[in-house]
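Scroll down for the structure; my scribbles are underneath it.
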Amino acid sequence: MSALPWGLLPDSSTVGVDGQLLVGGCDLAELAEEFGTPLFVYDEAQLKARCAEAVAAFGDGVAYATKAFLCRAMARLAHEQGMHLDVASGGELAVALSAGVPADRIVLHGNNKSDEELITARDAGVGRIVVDSFDELDRLEGLFGADGIVPQILLRITPGVEAHTHEFVMTGQDDSKFGFGLKVGDAARAVERARAMDAVELVGIHAHIGSQVFVAGFFEQAIEALAPFVNQTGLPELSIGGGIGVAYIEGEEAPSITEWGAVVRKACDHAGITARVSAEPGRAIAAAAGITVYRVGTIKEVPSIRTFVAVDGGFIDNPRPALYGSGYETFVPAAVTADRTEVVRLVGKHCESGDVLVSEAKVPAGLVVGDLIATPVTGAYGRSMGSNYNLLPRPAVVFVADGQARLVIRRETEADLLATDVG
Ligand SMILES: *Cc1c(COP(=O)(O)O)cnc(C)c1O
């Protein structure tokens, strides 16, 4: 059995004198002591590097999909690296604005935006709205246009491309709740309708084929499918959405943002697309920069069946295994390069048997209660998708760099959990 593949750890990872993992020069055991567990630790330099890579690959206009992981520090970081911010709710918009991101660098998404969300966007002066439906065009007509406030919009198109990824995160197929179907003619009707409206300024086309897509070729297919339509409209912008995958487990390989950008650009050139092309990566920015550190609370051996190792978090800090059957690796921060010779089931502390973090988790021999155990590549769709099930407070988040740890989201308290309970 093998040690954890080093490439799954954050870029700034190093091995300390006792064989322990340091990220951003910080010892995980000390961080766990100071901030408690479970704890999300992000390599800040890596987040910056991925944002800069996205800007280099796609140019100005490329947006960070904040739903992957958002807090004010992250919003500021992405903005300072030159990215726009893609938000998909009033809550995400509020965090981005409160971080000081200028509204004209924000793009608002959502298949069912409320009047309140659209009004907030209008009043703040949000730069772009990606319109998802005819009902939304009606709504915009009612809310905009007066006082000369006319938002720039893109229309979300479903190109009819099935990217091979989990069904729940596949969004480019005809049978989708998102966007205007290309094949059924809704896309063309939406362009016509938007052009006839005084309340909006149509500036582009948007498509997002799905998430955790490993094969850049699916983006080529989507671009090919969209090109005649995009070219016919003559609109100046095309966003191909996000979705490029990342490696989570041993043996997986994913294209880099740079490679993805090159494939997209080439496909657009090949298809004669003259619109300015941009994108909205989320996972590829945040996933690999983050790890989650847990503490082992109980170990239960079931003779000749398996060993369950229970930690102090669970599917409320990482719902992906339960939602998608996603796999993760495990390692012991105190001995990060150790051979992982045993297989256990890493489970959480929730009242449900589906609360499994890693079904077949490789661990070094000698794991005991009180040890720290960690999962890499948890920076995206972990904390952001989490919940308060069992009323467990959500974990803290720290950014580490140059030997310093900075608390960016504090651990929730029981008082936070009671704050909204007014009965
Ligand atoms: C989720 C989403 C993204 C980001 O997807 P990733 O897989 O995290 O890159 C981008 N755009 C839209 C419209 C999305 O829904």
The stretch 96-170-the stretch 229-278 distance, computed between alpha-carbon centres (Å): 21 Å
Residue order, fewest to most surrounding Cβ atoms within 10 angstrom, among Met170, Met385: Met385, Met170
Give me the dipole magnitude in Debye, nearest 20, for the stretch 189-322 about the Cα centre, with unit charges on the beta carbon: positive for Lys and Arg, negative for Asp and Glu. 220 debye
By the scheme Lys and Arg +1, Asp and Glu -1, what is the net charge of all other residues having a beta-carbon under 11 Å from that of Gly386? +1
Rounded to the nearest 5, what % of DSSP beta bridges with both residues in the stretch 44-286 are antiparallel? 5 percent
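Around Phe214, with a cut-off of 10 angstrom between Cβ atoms, what is the net charge of the other residues, counting Lys and Arg +1 and Asp and Glu -1?
-2
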What shape does the stretch 302-423 have by the C-alpha gyration tensor, where a ≥ b ≥ c are the square roots of the eigenvalues, rounded means a/c under 1.5, and otherwise prolate means a/b greater than b/c and oblate the rest? oblate
Packing-ranked peptide list from 106-113, 317-324, highest mean Cβ count within 10 angstrom first, is 106-113, 317-324
Ala52 to Thr298: FRET efficiency via 1/(1 + (r/R0)^6), r the Cβ-Cβ distance, R0 60 Å, to the nearest 0.05? 0.90
Three-way shape label, the stretch 12-95, alpha-carbon gyration tensor, a/c 1.5: oblate
What are the GluC sites (Glu not before Pro) within the stretch 351-423 that DSSP puts in a loop, where the Cβ has at most 14 other Cβ atoms within 10 Å? Glu352
Percent antiparallel among DSSP beta bridges confined to the chain, rounded to 5, stands at 50 percent
Taking Leu155, Leu391, Leu31 and counting other C-beta atoms within 10 Å, the order from fewest to most: Leu391, Leu31, Leu155
Helical mean residue ellipticity (222 nm; -39500 (n - 2.57) per DSSP H run of 4+; nearest 500) of the chain: -8000 deg cm²/dmol
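Give, in nm to one decimal, the length gained when the segment between Ser2 and Tyr389 is fully stretched (0.36 nm per residue of separation minus the Cα-Cα distance).
135.9 nm
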Between Cys26 and residues 5 or more places away or on another chain, which pairs have amide H atoms under 5 Å apart, with H built 1.01 Å from N, and which residues are they? Gly403
Within 10 Å, count the other beta carbons around each residue, average over each peptide in 139-149, 256-266, and list them highest first. 256-266, 139-149
Pull out the extension gain between Gln152 and Thr341, defined as 0.36 nm times the separation in residues minus the alpha carbon to alpha carbon distance; nm, one decimal. 62.4 nm
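Using the structure shown, select from Lys183/Lys266; Lys113/Lys183; Lys48/Lys266; Lys48/Lys349; Lys67/Lys349 the pairs with a Cα to Cα distance greater than 29 angstrom. Write down the numbers at each step before the final one.
Details: Lys183/Lys266 24 Å; Lys113/Lys183 24 Å; Lys48/Lys266 26 Å; Lys48/Lys349 34 Å; Lys67/Lys349 25 Å.
Too far apart for the 29 Å limit: Lys48/Lys349.
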Using θ = phi - 60° and the Karplus curve 6.51 cos²θ - 1.76 cosθ + 1.60, what whole-Hz ³J(HN,Hα) does each residue of the stretch 351-359 get, with Gly and Pro shown as x? 7, 6, 5, x, 7, 10, 8, 9, 5
Interchain or sequence-distant (5+) residues whose placed amide H lies within less than 5 Å of the amide H of Tyr64 are His84, Leu85, Asp86
Span per principal axis, largest first, for the Cα atoms of the stretch 44-286 (Å): 54, 40, 31
Measuring from label point to label point, each 7 Å out along Cα→Cβ, what is the Phe308 to Ala415 span in nm? 3.5 nm
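Only the coordinates and a few stated rules stand behind these numbers; no lab work does. Because the structure is a prediction, the values reported are computed rather than measured. Note that each Cβ is placed from the backbone with ideal geometry, even for glycine, and that neighbours are counted across all protein chains shown.
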